[in-house]
Every structure is written in structure tokens, then in C-alpha cells.
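Here the structure comes first, spelled out in C-alpha cells, and everything after it is commentary.
The values are calculated or read from the model by the stated rules, or taken from the named source; none is laboratory data. Given the structure is predicted, the values throughout are model-derived calculations rather than measurements. Neighbour counts run over all protein chains shown; Cβ positions are idealised from the backbone, glycine included.
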Amino acid sequence: MLENVWFNIEYGINHVLDINGYDHVLFLMVLTVPYLFKDWKRVLVLVSMFTLGHTLSLVLAAYNVVSINGSLVEFLIPLTILIVAIYNVFTAGKKAKEQKIGILFVSTLFFGLIHGLGFAREFKMFIGRSESKLEPLLEFALGIEIAQIIIVFVVLFLGFMGQTIFRFSKRDWMMVISAIVVGLVIPMLIRSDLF
């Protein structure tokens, strides 16, 4: 029993940290890069909103409530990353992050829904015809949250190092990381079937 729980948690961790599925990491990078360690509560809530959206889509897919065209989702995932990265570029150095937190939370939840739909088909095969779909789903979501917290910590730590040791301004740090992510995401969009 406990073996199954850990397997599902580990599956969630590996889903996020999979080097072949780095879109999740890119999204977390652009979501986190505007913040510092002192903003950890806000970042934790944002990441949890993303996990909630991701989990909701998996629940809807697992119970056959929703089914979305895979090509559309594969296009929308890099598009959500691109939107957040470009938003960072245009708001770098401004106080917009503090003012419009409601919009940021809702959009992060929505983007989590989209990213979850990208994994829904594989997740349905993973849980198969098991009697309880909810338990493995929640354990998987816990694994996702653990992995996301690891990534967020790394991004915050690198931001701290860049801004204290290498004396990058917060604005420059946001611009550089967001621009790198834009450069990585554009080929993903071009490779999608809908482009």
C-alpha cells in the first residue's frame, strides 16, 4: 500500500523533472523569476494554483468529463509559457507584480488547467481501470507539488546568487531569464501541428 503511494508521488516528481518534458520547468522559471526569497509565500501560492489547475484537468480527464484535441494542447502549453515570459519582459522593473495578484493567480490556475490537459491521456493510461482514481491522482499531485517547490527554490536561489554575487539588477535578471525562455519556447510552438 505504502509502496503504491510512494510510486505515485515519485511519478508526479518525475513528470515535472523529466528532461524531455522541460516545458513544465520553463513555465515555473518564468513564473518564479520576478520574485525573491522574501516573496516565498506568494510564490508558494502561485505554484499551488498551478498544481490545482493541473490536478483539476487530470480529474476531469480521468472521469471522462473533458477531452481536448492533443494538437491544440501541445500548441497552447508553449503559448502559455511565452505569454508569461513576454509579460515578464514588459513588466520587468515595474511594480505591477504587487498590484495585479488576482489576475496572476487566475491566469496561473488557467495555465495549470492547460498543462494538465497535456498530460491527461498518459495519466488515464497510468491509472487504468483502478477502482479509485482519486487516491493516485492526489498522490501524483503531491509529487508534482514537491518537484515544483524544488524548481522554485533553485530559481530563487539562482536569482539570489545572480543579484547578490554577480550584481545583476532584478530587472536585468528577469529580462535575461525570460528572454532565454522565449528563445526555447518559440521552436516548441513552431514544431506544434497547429503552427
Original post:
With respect to residue 70, is the statement that it is over 27 Å from residue 164 (Cβ atoms) and surrounded by 22 or more Cβ atoms within 10 Å (Cβ to Cβ) true?
Top reply: no
**OP:** Just give me the residues in region 157-195 being crowded, with 17+ Cβ neighbours inside 10 Å, under 16 Å from residue 35 (Cα atoms) and touching a residue at least 12 places away in the same chain (Cβ under 8 Å), in sequence order.
**Re:** 159, 173, 174, 175, 177, 178
Subject >> Of all residues in region 119-159 being touching a Leu at 6+ places or on another chain (Cβ under 8 Å) and more than 18 Å from residue 46 (Cβ to Cβ), the one that is modelled with the lowest pLDDT >> reply: 127
Original post:
Residue check: is residue 127 over 15 Å from residue 37 (Cβ atoms) and touching a helix residue (DSSP H, G or I) at 6+ places or on another chain (Cβ under 6 Å)?
Top reply: yes
**OP:** Tell me, yes or no, whether region 91-99 has at least one residue that is assigned to a loop (DSSP other than H, G, I, E, B) and surrounded by 17 or more Cβ atoms within 10 Å (Cβ to Cβ).
**Re:** yes
**OP:** Have a look at 114, 77, 81, 86 and point out the one that is part of a helix (DSSP H, G or I), more than 14 Å from the chain's Cα centre (by Cα), farther than 18 Å from residue 11 by Cβ and at pLDDT 90 or above.
**Re:** 86
Subject >> Pair list, Cβ under 9 Å, 6 or more apart: region 47-60 residue part of a helix (DSSP H, G or I) and buried (at least 17 other Cβ atoms within 10 Å of the Cβ), other residue modelled with pLDDT of 90 or more and among the charged types (D, E, K, R) >> reply: 47/145; 48/145; 51/145
Subject >> Residue within region 139-151 that is of a type in the set (Asp, Glu) and more than 24 Å from residue 48 (Cβ to Cβ) present >> reply: no
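Quick one: in region 1-46, which of the residues that are of a type in the set (S, T, N, Q) and surrounded by fewer than 19 Cβ atoms within 10 Å (Cβ to Cβ) is modelled with the lowest pLDDT? Give the derivation first.
Our first condition is that a residue be of a type in the set (S, T, N, Q); within region 1-46, this holds for 4, 8, 14, 20, 32.
With the extra rule that they be surrounded by fewer than 19 Cβ atoms within 10 Å (Cβ to Cβ), the set shrinks to 4, 14, 20.
Working: 4: 85, 14: 93, 20: 82.
Only one residue tops the list, namely 20.
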